[in-house]
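Asker: One structure, pasted below without further comment.
Just so it is clear, none of the values below were taken in a lab; they were calculated from the coordinates. Here the structure is a predicted model, which is why all the values come from computation and not from measurement. Cβ coordinates were reconstructed from backbone atoms using ideal geometry, including for glycine residues, and neighbour counts include every protein chain displayed.
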Amino acid sequence: MGPAGFPAGNTLNINTTFENQDYSIGADGTLFTLPGGNVKLAIGYEHQDLKFINANNFATTINKRHINSGYTELYVPLVGAGNAMPGVEKLVTFQGENGALATITAMSAVR
């Protein structure tokens, strides 16, 4: 017997493949202007298809993963150059972000 219980002289053949497809779209811009500055909005979406194939002398394993994610971001400046007061040059701005992530994973083995 050889290493890992293989009969001497035999070879373990392994073939591994990884595929990735990634699509994304996004947009951002100014909605309107407040005395503190421009109110801005950004939105986006991304989709990924991942595939991992591992084949050897005994079996082929295929793992697939589909990922969808999106985001929205709103920027609202409360105090800026347009409405600054003595002692208050800049107030912390409100900035909110909402992200979502959905993942679907599939695995199959062919023997």
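Asker: Which loop trypsin sites (Lys or Arg not before Pro) in segment 19-79, with loop taken from DSSP, have no more than 10 other Cβ atoms within 10 angstrom of their Cβ? Please report the intermediate quantities before stating the final value.
Answerer: Numbers: sites: K40, K51, K64, R65; in loops: none.
Sparse-neighbourhood loop trypsin sites (Lys or Arg not before Pro): none present.
Asker: Segment 12-90: which chymotrypsin sites (Phe, Trp or Tyr not before Pro) are DSSP loop and have at most 14 other beta-carbon atoms within 10 angstrom?
Answerer: Working: sites: F18, Y23, F32, Y45, F52, F58, Y71, Y75; in loops: F58.
Listed in order of number, the matching sites are F58.
Asker: What is the dipole size for segment 33-90, taken about its Cα centre, with +1 at each Lys and Arg Cβ and -1 at each Asp and Glu Cβ, in debye to the nearest 20? Could the numbers behind the result be given before it?
Answerer: Values: 5 positive and 4 negative charges, 40 e Å.
Dipole magnitude for segment 33-90 comes out near 200 debye.
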